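To start, the structure itself, in structure tokens.
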Amino acid sequence: MGHSSFGEDSLAANQRAFVELRDCLAEKTTDVKGVVLVPSVSVARIDNVKATAKQILLVASYLKLKVWSGLMACCLINGVLPVEGSLDLVDELTTFDGRKISIGSTAAHRIRSDLREWRTSERNVGLIDPISFFAWCEEEDIDTNYVRLFREVAGCGTGKMIGILPLAEVVRYSFN
């Protein structure tokens, strides 16, 4: 697949930085009794950074794609891994953080709602590049934690909070 207009060099450098961070943080940070071995960093903070790194690597991999389908885009902006074909063909969905959720969940309903809006949009011409999809989201006032996360990672965010992910860590690795 081709690459989007997000800077390839910047994207690759940020992915390498996150892989290094993830690998570094994967090392044991507490001893057998649970005492923190890195006293300047709390275990909770390390867990937040690990979760952030994992989700940003995932987001970056989708930003590298030149085009998205409407279903893929609607899944992504709701924090759900894209499904093949149709939501009607699956019993459960997987979130960015690896949780399995029911096809009847709130997230699945939001995906369907966004997809209905997308399908009636003038911008719906089949496959769409991520930048154009985010422009459509802005026009339609679709603002989810994951829209903000994608925009921040792409280097065009607003600086608003992104759910439970530490914004400082996301901005630190944005594509400038």
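Scan region 81-101 and give yes if some residue there is part of a loop (DSSP other than H, G, I, E, B), touching a residue at least 40 places away in the same chain (Cβ under 8 Å) and surrounded by fewer than 16 Cβ atoms within 10 Å (Cβ to Cβ), otherwise no. Yes, that holds for at least one residue.
I need the full set of residues from region 135-176 which are closer than 20 Å to Thr52 by Cβ, crowded, with 18+ Cβ neighbours inside 10 Å and at pLDDT 75 or above, in order please. Listed by number, the residues that qualify are Thr144, Tyr146, Val147, Arg148, Leu149, Phe150, Arg151, Glu152, Val153, Ala154. Among the residues of region 113-134, those that are over 24 Å from Ala60 (Cα atoms) and in a helix (DSSP H, G or I) comprise Ser113, Arg116, Glu117, Arg119.
The values are calculated or read from the model by the stated rules, or taken from the named source; none is laboratory data. Computed from a prediction, not measured in an experiment: that's the story for all the values here. Positions of Cβ are backbone-derived with ideal geometry, glycine not excepted, and every protein chain shown enters the neighbour counts.
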